[in-house]
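A quick write-up on the structure given underneath.
The values are calculated or read from the model by the stated rules, or taken from the named source; none is laboratory data. This structure is a prediction, so every number in the text was calculated from the model and none was measured. Methodologically, a virtual Cβ is constructed for each residue, glycine included, from the backbone with ideal geometry; neighbour enumeration extends over all protein chains shown.
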Amino acid sequence: MQTEYFMLMGDSFSQSTTLEGPPLARRLPGVSWQQRPVFVSAPILLRIRPGTLPKKPFPAYEGTCEPLLSARAKFILEPLAISHLQLLPADVSFESGEVQRFWWLHVYRSIHCVDRTRTKGLFYSPREMMAIGKLVLDEQALADIPLERRLIFRLGELLDTILLHSSLVERLRSWEAEGFKFMRIDEWYHPDFIEDYRGP
């Protein structure tokens, strides 16, 4: 199963933006917004930070763990009706004054499936991580969940990490959704990970 999952990778676009409003959601005690649906009454407002204007034209996906999709990418994903997945409108303002509409990919299913004995990482607790250097999945934990419920999800131990099943990745690639970036789990590692780091 290590070869069946891909990590969603990103680059400069979302890293170059700052959130202006409205807030993604009202905070609920003990519940992360990454683990529940988000409802917005107006588009999420993002602004490109001065001096960090990314290249053009924008690909279908650019971002870190909260990717922004073009209308084309939204058109591809929406008919799949994947559960626990929302496409939220996001308007990005540029230094020129131009505003472009993108779609914030919000994944709110999380699964705890890290193999603690083989993963290289820093753990806060048995169910929470601070950093990952090399990820190994707990295959039995995933096998117990129907495939349709684990096509795309957040890693329960580190919610910033989004994983996609190979069947979904193949579909996106076959549609030539330019800009989507993936790396297979067994090939991914963090080059700057320091195994004996214990925090400040």
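Values as computed for the structure displayed
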| item | result |
| --- | --- |
| From the options Leu164, Leu168, Leu135, residue that is within 20 Å of Gln35 (Cα to Cα) and surrounded by 13 or more Cβ atoms within 10 Å (Cβ to Cβ) | Leu164 |
| From the options Phe123, Phe94, residue that is modelled with pLDDT under 85 and surrounded by 13 or more Cβ atoms within 10 Å (Cβ to Cβ) | Phe94 |
| Count - residues of segment 97-120 that are surrounded by fewer than 16 Cβ atoms within 10 Å (Cβ to Cβ) and either under 22 Å from Arg149 (Cβ atoms) or in contact with a Cys (Cβ under 8 Å, 6 or more places away or on another chain) (or both) | 2 |
| Residue satisfying condition, being under 23 Å from Leu45 (Cα atoms) and of a type in the set (Gly, Ala, Ser), within set Ala90, Ala81 | Ala90 |
